[in-house]
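Values quoted throughout were computed directly from the atomic coordinates according to the rules given, and no laboratory measurement underlies them. Computed from a predicted structure; not experimentally measured. Neighbour counts are summed over all protein chains in view; Cβ atoms, including those assigned to glycine, are modelled from backbone coordinates with ideal geometry.
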Amino acid sequence: MKPFEEQFTAWVDGKLTGAELAEFEKQLAEHPEAAAEKGDAQRLGQFLRSHPTTPKLTNPDFFNHQLMQRIAAETPRIAEKTGHSFWSLPRLLWAGAFSMVIAFALFRTTIPTVAPVVSDSKYFAQVVEAWPSDPSISATTVYSAENNVTVVWLDGLDYIPATYALN
Amino acid sequence: MDVPSKTMPTEAPDTATGPDDFDLVARSQAGDTAAFNELVTRYRTRAFSMIYNMVRNEQDAWDLAQDGFVKAWKNIGRFRGQSSFYTWLYRILMNVTIDSLRRKQIQSGTEFDDQIGLRNIAPGAMTAPKEELQPAEKISDGEIRTRIDAAIAKLSPEHRAAIVMREIDGLEYSEIAEQMDCSIGTVMSRLFYARKKLQALLKDVYETI
């Protein structure tokens with residue numbers, strides 16, 4: 001069963017019907033002042049409705065202006081979207097991918113490829129301290145790790161005496 | 001609640017000349033502030049009035065209406081169109097207002113007890129005016145407004161909301177319950193005590209005009 005307060009409110013507002021209304025009105029037989037109280041509550045409602053005390057919203061355009069400024073300040077990224085920029089996220093992604101393809105194609109077509117120097121040697125050095133009899137003779141060394149051998153290369157030498165031959 | 005409201009406004013009066021609310025909401029959800037601005041223009045007066053009826057102060061009503069619309073903008077993505085835009089907005093505005101009144105209540109240390117002075121009133125007993133009766137012709141509109149403001153200011157935020165929604169905005173119990181996120185029984189109980197208190201505070205006014 002509903003508390004008295006709820007039933008009384010429903011009764012004032014005309015929301016009690018049928019058996020509920022009959023039962024409640026039977027309860028109220030002990031309270032003859034209840035009818036006056038109901039009328040009083042209804043007069044209060046009419047009084048509040050007939051005396052709107054709300055002042056007019058002054059300067060309504062400024063209301064919007066101030067609000068839009070707050071919205072722009074508090075949600076700057078969302079506000080920027082309102083400009084409907086051409087550079088949406090999907091377009092930016094496509095533009096990025098297209099640029100990379102163009103850059104790769106240019107690289108392949110304009111930069112000449114140089115064949116790598118074929119050398120099985122990790123060490124190639126010119127012998128700086130050499131005392132040849134002829135200044136036009138120069139010496140370099142090549143070391144092959146795979147064969148574990150060092151080759152001394154002499155340029156400008158016409159011949160090597162047999163006694164100087166390396167073993 | 002999916003059932004369209006009978007009493008809550010579902011459409012602004014001037015929507016016939018422009019895009020309907022749902023179009024504007026959809027554009028707002030896509031980030032179009034111009035569309036949201038149009039919604040604000042449609043509902044700013046109603047929002048301001050509703051909040052003013054709760055807080056009884058123009059500056060506070062202005063600020064809270066702004067807060068409510070900013071909150072609506074931030075949450076516009078959550079609006080699913082299950083009710084009218086105004087029903088959805090109304091709830092936001094009401095929550096912002098009630099929260100503000102509660103904060104003020106805590107800051108000022110004021111404790112609303114709507115049953116103070118009513119505990120000894122027998123159910124159905126006549127309410128007695130507290131203030132001296134004045135002849136009808138002496139009560140100006142300004143004074144009536146002051147008296148109503150003062151009386152409503154003495155109600156707790158929840159009771160204010162219930163009486164404003166029922167008596168001024170004309171909402172049904174179920175709609176008030178939905179807006180306040182409480183049961184219909186709670187709404188009826190709040191209305192009972194709010195009315196009792198207002199009757200005690202305003203009877204001399206409404207019985208003499």
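Hey, got a sec? Which trypsin sites (Lys or Arg not before Pro) in the range B:143-183 land in a DSSP loop and have at most 15 other Cβ atoms within 10 Å? Mind showing how you got there, number by number?
On the way: sites: B:Arg145, B:Arg147, B:Lys154, B:Arg160, B:Arg166; in loops: B:Lys154.
Sparse-neighbourhood loop trypsin sites (Lys or Arg not before Pro): none present.
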Starting from the Cα of B:Ile106, step 7 Å along the direction of its Cβ; do the same at A:Asp155; then give the gap between the two resulting points in nm.
9.0
Could you put A:Thr75, B:Thr97 in order, starting from the residue whose Cβ has the fewest other Cβ atoms within 10 Å?
A:Thr75, B:Thr97
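Which order do B:Met188, B:Met94, A:Met100, A:Met68 fall in if you start with the one that has the fewest other Cβ atoms within 10 Å? Mind showing how you got there, number by number?
Numbers: B:Met188 25, B:Met94 22, A:Met100 10, A:Met68 18.
Sorted ascending by nearby Cβ count, the order is A:Met100, A:Met68, B:Met94, B:Met188.
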Quick one: which residues, 5 or more positions from A:Val127 or on another chain, have an amide H under 5 Å from its amide H? H modelled 1.01 Å from N in the peptide plane, none for Pro or chain starts.
A:Ala139, A:Thr140, A:Thr141
Looking at this model, which pairs from A:Lys56/B:Lys196; A:Lys2/A:Lys38; A:Lys15/B:Lys154; A:Lys38/B:Lys104; A:Lys2/B:Lys196; A:Lys2/B:Lys197 are more than 25 angstrom apart at the alpha-carbon?
A:Lys56/B:Lys196; A:Lys15/B:Lys154; A:Lys38/B:Lys104
Tell me the net charge near A:Glu6. Cut-off is 14 Å between Cβ atoms, A:Glu6 excluded, with +1 for each Lys or Arg and -1 for each Asp or Glu.
+2
Phi angles of the range A:58-67, converted by Karplus (6.51 cos²θ - 1.76 cosθ + 1.60, θ = phi - 60°) into ³J(HN,Hα) in whole Hz with x for Gly and Pro, give 7, 6, x, 5, 5, 4, 5, 4, 5, 5
Distance between modelled label sites at A:Thr163 and B:Asp181, nm, 7 Å Cα→Cβ extension
11.2
I need the GluC sites (Glu not before Pro) found in the range A:13-46, filtered to DSSP loop residues with at most 14 other beta carbons within 10 Å of theirs.
A:Glu33
Provide, in order from the shortest bin, the percent of all Cα-Cα pairs of the range A:4-50 in each 5 Å bin, continuing until the bin that contains the maximum pair distance.
5, 21, 29, 25, 11, 6, 2
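Applying 1/(1 + (r/R0)^6) with R0 = 56 Å to the Cβ-Cβ distance of A:His31 and B:Asn75, what FRET efficiency is obtained, to the nearest 0.05? Could you put the intermediate results ahead of the total?
Details: r = 48 Å, r/R0 = 0.85.
The computed FRET efficiency comes out at 0.75.
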